[in-house]
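Only one structure is covered here, and it is reproduced in the block below.
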Amino acid sequence: MRISALTSESRTALHKEAQHWLLRLTSGTATAYDARAFKLWCAQSHAHLQAFAEMRRMWDSLGPAAATLAARETAHTDAGASAIDEMPRFASRGMSRRAFLGGAVAASAAWMVLRPPMKLWPSLSEMAADYRTATGEQRDIEIGPDLTVHMNTQTTVNLRKDQGNVLGIELLEGEIQVRDMQRMHTPFTVFARGGRVEIGAQTRCNIRCFSSDIQVTGLDGTSTLTYQGQSALLHAAQRVDYSASGIGSIVAADVEATMAWRRRVLIFDGRTLADAIEEINRYRPGKIVLANDRLAARKVQWRISLNQLADIAALIQDAYGAKVTSLPGGIIVLS
């Protein structure tokens, strides 16, 4: 049965159960018993899976509503919790990442093909990828003696090969910087969301793919973007974005800010606090939620080391007088 076929009362109750499960799974204290109980809950009907997927999408947006739900769970005021709440919990039996992942896969293959809530576990595409980085992790792939792909946080790539030779990579999600300094240049291509970036000789290029708008920034040399029958030639300090609507205009790029992550630094020059927090959330466990529109619109001039991110909430509190509320799972609400 699908949610649309349920009565209003049944839909409300099912969404409350889904809220409860989402908060439990993102609390940071989920156990192996929780994984088994979640499997049984999901197996009851397609409507259960659909309700959880809807709650996941709402939680992903991390608006004030999600913060309210978390606060309610913390205060134990969710009167609509399901009978599963009454099951005994083995809180002392902590579970490994692999054990929880196995339980979730068993719960529903249909759920696992979606992006998991809060990146609690890797999605199927991430698990099957050739290379991926976790939150806050960076790594380098040596394709050849003078060809390197630098991977930023939360990045997933696959190698493109022909007869055993690596001819390019597919950027599924995240941010990479390609450095091609080969003396005998062999064409190297980055594929991302239907676009192709041909990396020229003696070239460095940054490709960012965290949303529906993909950003390509030339750092040195020349690169060529091809997408939907259009093309754009990029030189140093130039940037172009592309999306479902096509390739945008070539604009001047802030090379220092673009390359800053390679030095484990984030630079925000006149961007809103909301934009800065969205970027910071890619590098730290949990999530920071802005629940104050006026605070979110503040423009910031920041140069932050990734080593400072553990103290970022306190810095915002001191600078802007924000109220800080800490929730389970590394979630921090600023209001």
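The values are calculated or read from the model by the stated rules, or taken from the named source; none is laboratory data. What you see is a predicted model, and the numbers here were worked out from it, not measured in a lab. FYI the Cβ positions are ideal-geometry reconstructions off the backbone, even for glycines, and counts take in every protein chain you see.
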Residue match in the stretch 174-187 (condition: at pLDDT 90 or above and more than 17 Å from Asp146 (Cβ to Cβ)): yes
Matching option when the condition is free of Cβ contacts under 8 Å to residues at least 24 places away in the same chain and either more than 30 Å from Ser305 (Cβ to Cβ) or not assigned by TED's automatic domain parsing to the domain that holds Met151 (or both), among Gly195, Gly270, Gly246, Gly200: Gly246
Filter result (farther than 30 Å from Asn307 by Cα and within 24 Å of the chain's Cα centre (by Cα)) within the stretch 130-188: Leu159, Arg160, Gly168
Selected residue [of a type outside the set (A, V, I, L, M, F, W, C), out of contact with any His (no Cβ under 6 Å at 6 or more places or on another chain) and modelled with pLDDT of 95 or more] from Gly321, Gly286, Gly246, Gly270: Gly246
Extreme residue, farthest from Asp180 (Cα to Cα), among residues of the stretch 132-156 that are touching an Asp or Glu at 6+ places or on another chain (Cβ under 9 Å) and in a loop (DSSP other than H, G, I, E, B): Gln154
Selection from the stretch 291-312 of residues that are buried (at least 19 other Cβ atoms within 10 Å of the Cβ) and either over 13 Å from Thr272 (Cα atoms) or among the hydroxyl-bearing types (Ser, Thr, Tyr) (or both): Ala291, Ile304, Ile312
